[in-house]
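The values are calculated or read from the model by the stated rules, or taken from the named source; none is laboratory data. Model, not experiment: these values are computed from the prediction. Positions of Cβ are backbone-derived with ideal geometry, glycine not excepted, and every protein chain shown enters the neighbour counts. Areas reflect the complete protein model, heavy atoms only, side chains present, ligands, DNA and RNA absent. Shrake-Rupley method; radii C 1.70, N 1.55, O 1.52, S 1.80 Å.
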Amino acid sequence: MTKYVFTTLLGFAVAVATAPTLDQVTSASYSSFWALGMVLAGAVATVGSMRKKWWRIEFAGAVCVVALLAVYAFAPVVLIFGGDIERLAYSVIALGFLVFPTTRIVTLIRRGGSDA
């Protein structure tokens with residue numbers, strides 16, 4: 001559950017301060033939509049993780065979290081190919097953080113909600 005709370009907080013942080021990496025790759029308004037999506041996906045996944053029988057809600061939120069983090073991880077890669085190697089750390093951190101919700105998604109799929 002904590003990982004989803006973190007993603008919700010990440011969404012709030014990007015909504016307040018924007019994400020310079022996303023702003024350099026996309027239009028500046030995209031960060032707002034990304035932040036809103038992260039807040040909603042993180043909140044849905046958090047709520048879904050509170051009870052075993054709500055595993056489908058958690059699954060939907062977690063899939064959205066992974067998709068949004070993948071977009072964020074891809075943005076620095078675009079800048080790296082453009083010659084901005086300083087963005088490599090952002091990409092590595094985002095890709096590393098993808099491991100947690102992705103492993104939870106795999107667990108939910110394997111268990112099928114029985115005792116997830």
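Of all the numbered requirements in (1) open to solvent by less than 80 Å² (accessible area, probe 1.4 Å); (2) under 15 Å from LYS3 (Cβ atoms); (3) modelled with pLDDT of 90 or more; (4) not polar (S, T, N, Q), ALA35 misses one, and that requirement is (2). Residue check, GLY48 against (1) open to solvent by less than 10 Å² (accessible area, probe 1.4 Å); (2) over 24 Å from VAL92 (Cβ atoms); (3) touching a Leu at 6+ places or on another chain (Cβ under 9 Å), all met but one. Which one? Result: GLY48 passes all but (3).
Scanning the range 30-55 for residues that are without any contact (Cβ under 8 Å) to a residue 12 or more places away in the chain and in a loop (DSSP other than H, G, I, E, B) yields a single hit, ARG51. Given the criteria surrounded by fewer than 21 Cβ atoms within 10 Å (Cβ to Cβ), under 17 Å from THR7 (Cβ atoms) and at pLDDT below 95, does ALA70 qualify? Yes: the conditions hold for ALA70. Go through the range 68-95 and count every residue that is among the small types (Gly, Ala, Ser) and within 18 Å of THR107 (Cβ to Cβ). Residues meeting the conditions: 0.
Taking the range 15-36, which residues are polar (S, T, N, Q) and more than 13 Å from PHE74 (Cα to Cα)? Passing the criteria: THR18, SER27, SER29, SER31, SER32.
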